[in-house]
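This report concerns only the one structure given below.
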Amino acid sequence: QVQLEESGGGLVQAGGSLRLSCAASGFTFSSYAMSWYRQAPGKQRELVATITSGFSRNYADSVKGRFTISRDNAKNTVYLQMNSLKPEDTAVYYCNLKRGNSGYWGQGTQVTVSS
């Protein structure tokens, strides 16, 4: 079965950096686009970044130039490098796989940016 496990969250000061990881299993990782979403308290979950199987990348306007999504198909892992973090980046970050009509989520990892 599909499993997604995020790690790397934590507490960081504004301007700092974090790297999130999402270890995937249960499917042919290299064949699918992978995404990172986030959900702040009281807000809807929003798409942060996507990387396709061909390594094309897309970002939300709010993170362009600060966040970088990457993948290592040998390790079945997708990453989110987050630089120049802002308090408004505080959220639970989720890894996501869309496969056919199904969506899969990890448990999430908390990122808190203090001002």
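The values are calculated or read from the model by the stated rules, or taken from the named source; none is laboratory data. Owing to the predicted nature of the structure, the values given are computational and were not obtained by experimental measurement. In this analysis, Cβ positions are derived from the backbone assuming ideal geometry, glycine residues included, and neighbour counts consider all displayed protein chains. Heavy atoms of the whole protein, side chains included, go into the accessibility calculation; ligands, DNA and RNA do not. Shrake-Rupley method; radii C 1.70, N 1.55, O 1.52, S 1.80 Å.
Brief remarks on what is shown
- Lone unmet requirement of (1) within 14 Å of residue 111 (Cβ to Cβ); (2) out of contact with any strand residue (DSSP E or B) (no Cβ under 8 Å at 6 or more places or on another chain) for residue 63: (2)
- Residues (free of Cβ contacts under 8 Å to residues at least 40 places away in the same chain and surrounded by fewer than 21 Cβ atoms within 10 Å (Cβ to Cβ)) located in segment 68-82: 68, 70, 72, 74
- Strands (runs of 3 or more DSSP E) wholly inside segment 1-84 containing at least 1 residues that are among the small types (Gly, Ala, Ser): 3-7, 10-13, 18-25, 34-39, 46-51, 67-72
- Any pair with Cβ under 9 angstrom, 6 or more apart, that starts in segment 6-18 at a residue that is closer than 13 Å to residue 81 by Cβ and ends at one that is open to solvent by 60 Å² or more (accessible area, probe 1.4 Å) and not polar (S, T, N, Q): 8/19
- Qualifying residue in segment 15-23 (condition: over 19 Å from residue 107 (Cβ atoms) and in contact with a Phe, Trp or Tyr (Cβ under 9 Å, 6 or more places away or on another chain)): no
- Residue that is farthest from residue 40 (Cα to Cα), among those in segment 91-102 that are in a strand (DSSP E or B) and modelled with pLDDT under 95: 99
- Breaking point among (1) in contact with a helix residue (DSSP H, G or I) (Cβ under 8 Å, 6 or more places away or on another chain); (2) assigned to a loop (DSSP other than H, G, I, E, B), for residue 113: (2)
- Among the residues making up segment 20-41, those that are surrounded by 14 or more Cβ atoms within 10 Å (Cβ to Cβ) and within 14 Å of residue 113 (Cβ to Cβ) are 20, 38, 40.
- Residue among 85, 97 that alone is out of contact with any Asp or Glu (no Cβ under 8 Å at 6 or more places or on another chain), under 14 Å from residue 24 (Cβ atoms) and crowded, with 21+ Cβ neighbours inside 10 Å: 97
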